[in-house]
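Working notes for the structure below.
The values are calculated or read from the model by the stated rules, or taken from the named source; none is laboratory data. Bear in mind the structure is a predicted one, so any value in this text is a computation, not a measurement. Heads up, the Cβs are rebuilt from the backbone with ideal geometry, glycines too, and the neighbour counts pull from every protein chain shown.
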Amino acid sequence: MNLIERYIFRRAGVAALMTLGSLVGVVWIVQALRQLDVITTKSQSVIAYLQVTTLAIPMLVLAVIPIGLLLATVFTVNSLNSNSELVVINSSGGSSWVLAKPLLTLALICSLVTGLVGHFITPMSLTKLRLYSTQMRADLVSVLIRDGQFTTIETGLMFHIDRREAGGVLSGILISDEREPERSIILSASKGFVSRQGDGAFLLLKDGEIQQANADRSGLTIIHFDSYIFDLATFARKIDLGNLRPKERTTLELLNPNPDDPYFKERPGLYRSQIHERFSEMLWPFTYVLVMLGFAGFARSNRQGHGSAIGAGMLVVTILRGTAFSAVSASKAIAAATWLIYALPIAGILVGGWMLLQNKPVALPVGMQARYDALGAAFRERVAAIDEQYRNWRRRMAGARA
């Protein structure tokens, strides 16, 4: 790339990074607020909270990369036109390729990052996120330290701790286990504390009893004990990572599915739509750039409606993208809809590329442009009138205070 192309690439790249960082930050904050129960209700540490929220970032990045590139393209083209830099490029004999080359290079980078994140990083992060979430739900230690609550771990299994004393001592422990229909067990102890050894956790009980009764209450067995070791792993939920959803699998796993996989047997369309969605996502960065360049990649004056050209390009991109989402959903049930997943971004690439090769601005019909300009002028007049009313109100308030 020559000097001007490097200048445009640097400007667009900085805008894309800033936009991407801002969007990821906002979406991450929303996601983080939704996961506050990791600390509150599940009594997990801040480190566990950060692990859970951070593992969702690749999925967020995958969603905002195309949007960040689109906004960066709009910002770059609009700023170059506003500063008359596009006029200088065109006057010096530069073709539309001078603007398209750096932006398409940036689109290629975004496409490769999208492929890497979509095909490998996001599935692995979702799998890890599922593992952490299941471990936290299965961690009965975090449940036991909640004082004065009867907590149902699963159907038929309930824990209760009266209070937690100094030194981590638990008092008033009650465990009710009625998961087996033929018998019920009630375990109580006056004192106890939790001990961790490696990945295991044990509840050491003191001065208590075990009551075991048959379902028909015909026999009751009571065992008193001075000391009893209760293995919490016996009540932990099993973590099954074999039954992963299609979006939690890498593309290589989707292309070679296990015939016994429940998702593949019951809904093979989920595998099909997930595969084609991931590959089609790599086309959208080029679609966004070429469509916006086709509509707004030429020097225009304010009278020629550069804002309307950007608006038209955004409208076309929105229609294409919205239709693509519908095509992905339809492909889950209808295999014939798969071609539409690729046809939409390719159509945007071809139309945008053709408009760019024409090397002349695309304009609205004269009548539509006149109505658009009239609406814009009316809007600006209305905003100016509201601003003047506000200023007059401020002046009156200042005079009243004086």
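Screening Met368 on (1) in a helix (DSSP H, G or I); (2) closer than 22 Å to Asn81 by Cα; (3) modelled with pLDDT under 75 shows it passes everything except condition (2). As a summary of the residue check, Asp216 satisfies the conditions (1) in a loop (DSSP other than H, G, I, E, B); (2) modelled with pLDDT of 80 or more except for the one numbered (2). Considering every residue within the range 338-350, establish whether at least one is of a type outside the set (Ser, Thr, Tyr) and either surrounded by fewer than 12 Cβ atoms within 10 Å (Cβ to Cβ) or at pLDDT below 85 (or both). No, there is no match, as no residue in the range 338-350 is of a type outside the set (Ser, Thr, Tyr) and either surrounded by fewer than 12 Cβ atoms within 10 Å (Cβ to Cβ) or at pLDDT below 85 (or both). Set side by side, the residues Leu86, Leu70 differ, and just one is modelled with pLDDT under 85, crowded, with 21+ Cβ neighbours inside 10 Å and either within 15 Å of the chain's Cα centre (by Cα) or not aromatic (Phe, Trp, Tyr) (or both), which is Leu86. The set of residues in the range 99-118 being surrounded by fewer than 19 Cβ atoms within 10 Å (Cβ to Cβ) and at pLDDT below 90 consists of Lys101 alone.
Exactly one residue among Ala398, Ala374, Ala333 is under 30 Å from the mean Cα position of the chain (by Cα), more than 25 Å from Pro285 (Cα to Cα) and modelled with pLDDT under 90, and that residue is Ala333.
Within the range 226-262, being within 20 Å of Thr122 (Cβ to Cβ), surrounded by 11 or more Cβ atoms within 10 Å (Cβ to Cβ) and modelled with pLDDT of 75 or more holds for Leu244, Arg245, Pro246, Lys247, Glu248, Arg249, Thr250, Thr251, Glu253, Leu254, Pro257, Asp261. Per this entry, Val24 is counted among residues that are within 15 Å of Cys110 (Cβ to Cβ), in the same structural domain as Leu116 (by TED's automatic domain parsing) and at pLDDT below 85.
Look at Gly307 and say whether it is modelled with pLDDT under 80, out of contact with any Pro (no Cβ under 9 Å at 6 or more places or on another chain), in a helix (DSSP H, G or I) and not β-branched (Val, Ile, Thr). Taking the combined requirement at face value, the residue satisfies it.
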